[in-house]
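Taking it in order: structure first as structure tokens, then the write-up.
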Amino acid sequence: MKGTVTGQILAHHLVSGELRPGEEIAIQIDQTLTQDATGTMAYLQFEALGLDRVRTELSVSYVDHNTLQSSFESADDHRYLQSVAARYGVYFSRPGNGICHQVHLERFGVPGKTLLGSDSHTPTGGGIGMLAIGAGGLDVAVAMAGLPFTLTAPRVVRVELTGALSPWVSAKDVILELLRRLTVKGGVGKVMEYGGPGVATLSVPERATITNMGAELGATSSVFPSDEQTGAFLASQGRQEVWRALAAEPGAEYDETLEIDLSTLEPLIALPHSPDNVVPVASIAGQAVDQVCIGSCTNSSLRDLMRVAALLRGRQVHPRVSLTLSPGSRQVLEMIARNGALAALVSAGARILESACGPCIGMGQAPVTDGVTVRSFNRNFRGRCGTPSAGTYLASPEVCAAAAIAGELVDPRSLGAYPEVALPATFQVDDSMILPPPEHGKEVEILRGPNIRPVPSRGPLEDEITIRVLLVAGDNITTDDIMPAGAKILPLRSNIPAISEYVFSCLDPDFARRAHDWGGGAVVGGENYGQGSSREHAALAPMHLGVRAVLARSFARIHQANLVNFGILPLQITETDYRSLQMGNELQMRGVREAVRNGSAVHVQNVTQGATFSATPVLSARQSQIILAGGVLNHVKKRLGQ
Ligand code: MIC
Ligand code: SF4
């Protein structure tokens with residue numbers, strides 16, 4: 001990775017380890033971000049570390065997920081987040097100010113810096129030349145304490161962009177094309193680094209759409225160089241002073257290279273229920289549509305909404321379609337309000353939602369039974385939209401707008417000339433909804449509501465484990481499958497006992513009851529177990545239910561780290577053993593601590609079937625220590641010398 005943008009940023013921040021793919025490295029984190037659905041846990045964990053103030057250059061707490069506030073829980077969480085931010089030196093972006101990734105890009109991102117966020121789409125910051133990585137809340141809490149973040153040194157993939165996008169084709173189609181080629185596992189262990197002459201043709205918000213959805217490839221991060229476009233973007237935000245050029249050096253060493261000729265791309269769409277299920281829109285034109293949602297951290301920049309407004313101006317949303325629009329930030333909302341685009345959208349029949357995640361995380365706008373919803377978002381896992389029988393399609397804002405008008409999927413190129421949209425050289429800057437922390441926070445009282453319960457913990461890892469298989473799940477199980485979100489469950493994010501009743505509830509409504517009856521157990525999964533969101537609740541809540549181990553063919557990066565952080569043993573098993581395991585099987589493991597300590601296989605006896613097999617702990621040396629201790633909090637407390 002020598003000489004790559006990724007390699008340069010990593011080298012500059014390296015605290016320990018060697019920059020060779022696959023090696024465990026630790027890097028210094030300059031900035032952190034949290035959002036409200038993962039943030040309460042992150043700050044409760046930060047509080048448990050007993051420090052007086054965060055030890056980063058900048059930490060920001062955003063409220064963008066649970067903004068429906070359908071009962072007291074979320075409002076209590078938000079009040080807690082505001083007070084805890086002031087107490088510990090964290091900037092607080094108030095509800096209504098926008099989606100964390102977009103606001104961070106606009107107001108705080110700095111090329112060449114590292115950013116760790118408790119949300120899987122944190123790599124959005126790569127659009128501005130940051131090395132931005134998603135992680136569990138606990139890892140972010142530790143980074144806020146000034147301790148380095150540990151990760152596996154990635155392979156760096158050069159994505160060579162040539163040519164320029166044709167009319168009606170947009171940045172979303174670039175990342176959909178990558179998903180089509182590489183699948184949701186294709187980026188695991190890698191940083192996708194963009195380069196080549198096509199880069200200069202893309203503005204920062206377009207680049208951010210691409211880096212954002214690199215999360216769906218399973219990539220550790222995605223990054224663009226910092227060039228004149230980056231400078232222009234920062235200048236438009238009144239932040240030109242933080243700009244610096246950052247480019248791959250001549251002869252930079254990449255582990256893999258692939259090429260995309262932008263001029264050959266056409267409008268694409270991901271079919272239900274996986275973001276890599278990508279086909280040309282033209283191939284399914286005519287599919288009737290019930291709902292269109294435009295917004296999310298992927299596609300709700302001023303550029304995106306201005307295009308949608310240009311398409312809808314003077315037209316009407318089809319009577320069958322409900323069109324919602326959620327601007328990515330208050331800045332964008334205010335600008336479209338002032339320039340008249342909002343009026344065009346309202347008069348076309350768009351339903352304007354606040355600047356927040358909204359329908360992307362199932363906070364309202366569940367589609368009709370068996371419905372078809374077309375969204376400019378990044379995830380279309382079954383049930384995530386709130387209606388299990390509905391199908392979510394993912395596409396560019398252009399394709400979404402065209403579908404809203406036609407009431408069916410259409411190739412937007414059939415709409416005629418691509419509307420020219422001029423973007424202003426300076427954006428409306430008003431940070432009054434971002435509250436800076438007071439210089440000294442000691443006197444600030446931290447306000448907690450009854451929904452905020454302490455973070456549960458477990459004792460050290462047992463040497464002998466006897467458990468039953470609670471569930472045998474398939475490949476690509478998402479953290480939405482493990483710990484669903486949505487308007488009903490999300491408000492319980494600060495209350496682990498309450499939220500754990502919903503673990504696996506969409507896949508298997510009896511899961512929690514079984515876990516109670518059987519005194520915990522094990523989960524069995526296929527490939528890429530735990531893909532998707534960074535929510536550590538997908539580890540914390542199972543841990544609370546007594547899940548001691550997950551046996552899977554392979555694990556997704558963030559979820560594997562979250563399992564370890566909360567003391568659940570990730571064990572890799574073979575295809576044959578995976579196929580043999582059945583729900584209810586009793587598994588006995590002896591000498592587990594020894595095996596973890598030596599990095600050797602654990603012998604598992606399947607008592608029910610009278611068979612034995614071995615399972616390999618998926619742990620680095622450091623993680624072995626953590627799991628032996630029963631989780632990361634004790635481990636870190638020791639390191640901070642308290
Ligand atoms: C998501 O898009 O799934 C979320 C909600 O933003 C998550 C975080 C969470 O579960 O709180 C993510 O992507 O990490
Ligand atoms: Fe919010 Fe959706 Fe982005 Fe997650 S993917 S941060 S829920 S907008």
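Being crowded, with 24+ Cβ neighbours inside 10 Å and on the phi > 0 side of the Ramachandran plot is the filter; apply it to region 498-553 and report the residue that is farthest from ligand 1 (Cβ to nearest atom).
521
Regarding region 333-351, can at least one residue be identified that is in contact with a Ser or Thr (Cβ under 8 Å, 6 or more places away or on another chain) and within 16 Å of ligand 1 (Cβ to nearest atom)? Please lay out each step first, then the result.
Initially, region 333-351 is screened for residues in contact with a Ser or Thr (Cβ under 8 Å, 6 or more places away or on another chain), giving 333, 350-351.
Then drop every residue that is not within 16 Å of ligand 1 (Cβ to nearest atom), which leaves none.
No; the residues of region 333-351 include none that is in contact with a Ser or Thr (Cβ under 8 Å, 6 or more places away or on another chain) and within 16 Å of ligand 1 (Cβ to nearest atom).
Could you tell me which of the residues 93, 74 is farther than 30 Å from residue 10 by Cα and surrounded by 22 or more Cβ atoms within 10 Å (Cβ to Cβ)?
Details: 93 fails: farther than 30 Å from residue 10 by Cα.
Criteria check complete, one pass: 74.
One line per residue, one yes/no per condition, for (1) over 18 Å from the mean Cα position of the chain (by Cα); (2) surrounded by fewer than 24 Cβ atoms within 10 Å (Cβ to Cβ); (3) of a type outside the set (A, V, I, L, M, F, W, C):
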| position | (1), (2), (3) |
| --- | --- |
| 149 | no, yes, no |
| 163 | yes, yes, yes |
| 167 | yes, yes, yes |
| 171 | yes, no, no |
| 180 | yes, yes, yes |
| 188 | no, yes, no |
| 192 | no, no, no |
| 207 | no, no, yes |
| 211 | no, no, yes |
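Can you name every one of the strands (runs of 3 or more DSSP E) wholly within region 265-320 that holds 2 or more residues which are closer than 20 Å to residue 349 by Cβ? Walk me through it before giving the result.
Numbers: elements: 268-270, 278-280, 291-294.
Correct list: 291-294.
Within region 1-110, which strands (runs of 3 or more DSSP E) (wholly inside it) include 3 or more residues that are more than 18 Å from the chain's Cα centre (by Cα) and of a type in the set (A, V, I, L, M)? Quick ask: steps written out before the conclusion?
Working: elements: 14-16, 24-27, 31-34, 58-62, 91-93.
Passing ranges, in order: 24-27.
Assess whether residue 211 counts as being assigned to a strand (DSSP E or B), of a type in the set (Val, Ile, Thr) and either more than 30 Å from residue 423 (Cα to Cα) or at pLDDT 95 or above (or both).
Numbers: assigned to a strand (DSSP E or B): no; of a type in the set (Val, Ile, Thr): yes; either more than 30 Å from residue 423 (Cα to Cα) or at pLDDT 95 or above (or both): yes.
No; evaluated as a whole, the condition is false for this residue.
Looking at 426, 479 in this structure, which one is within 16 Å of ligand 2 (Cβ to nearest atom), of a type in the set (Val, Ile, Thr) and within 24 Å of residue 102 (Cβ to Cβ)? Outline the logic, then answer.
Details: 426 fails: within 16 Å of ligand 2 (Cβ to nearest atom).
Testing whether each residue is within 16 Å of ligand 2 (Cβ to nearest atom), of a type in the set (Val, Ile, Thr) and within 24 Å of residue 102 (Cβ to Cβ) leaves just 479.
Every residue in region 397-428 that is among the β-branched types (Val, Ile, Thr), under 18 Å from residue 341 (Cα atoms) and in a loop (DSSP other than H, G, I, E, B), please. So that I can check it myself, show each step before the final result.
Taking region 397-428 as the starting set, the residues that turn out to be among the β-branched types (Val, Ile, Thr) are 399, 405, 410, 421, 426.
The next check asks that each one be under 18 Å from residue 341 (Cα atoms); those that pass are 405, 421, 426.
Within region 397-428, 421, 426 qualify.
Please find, within region 137-184, the residue that is farthest from residue 10 (Cα to Cα) out of those that are among the β-branched types (Val, Ile, Thr) and part of a strand (DSSP E or B).
Let us first name the residues in region 137-184 that are among the β-branched types (Val, Ile, Thr), namely 140, 142, 150, 152, 156-157, 159, 162, 169, 174-175, 183-184.
Next cut, part of a strand (DSSP E or B) only: 150, 152, 156-157, 159, 162.
Working: 150: 12, 152: 12, 156: 11, 157: 15, 159: 19, 162: 26 Å.
Ranking the candidates gives 162 first.
Residue-wise test of (1) of a type in the set (Val, Ile, Thr); (2) outside any strand (DSSP E or B); (3) at pLDDT 95 or above.
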| residue | (1), (2), (3) |
| --- | --- |
| 558 | yes, yes, yes |
| 561 | no, yes, yes |
| 577 | no, yes, yes |
| 597 | no, yes, yes |
| 615 | no, no, yes |
| 641 | no, yes, no |
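Considering only residues of region 176-199 that are in contact with a Lys or Arg (Cβ under 9 Å, 6 or more places away or on another chain) and β-branched (Val, Ile, Thr), which is nearest to residue 266 (Cα to Cα)?
Result: 199.
The values are calculated or read from the model by the stated rules, or taken from the named source; none is laboratory data. Every value quoted in this text rests on a predicted model; they were computed, and no experiment measured them. Positions of Cβ are backbone-derived with ideal geometry, glycine not excepted, and every protein chain shown enters the neighbour counts.
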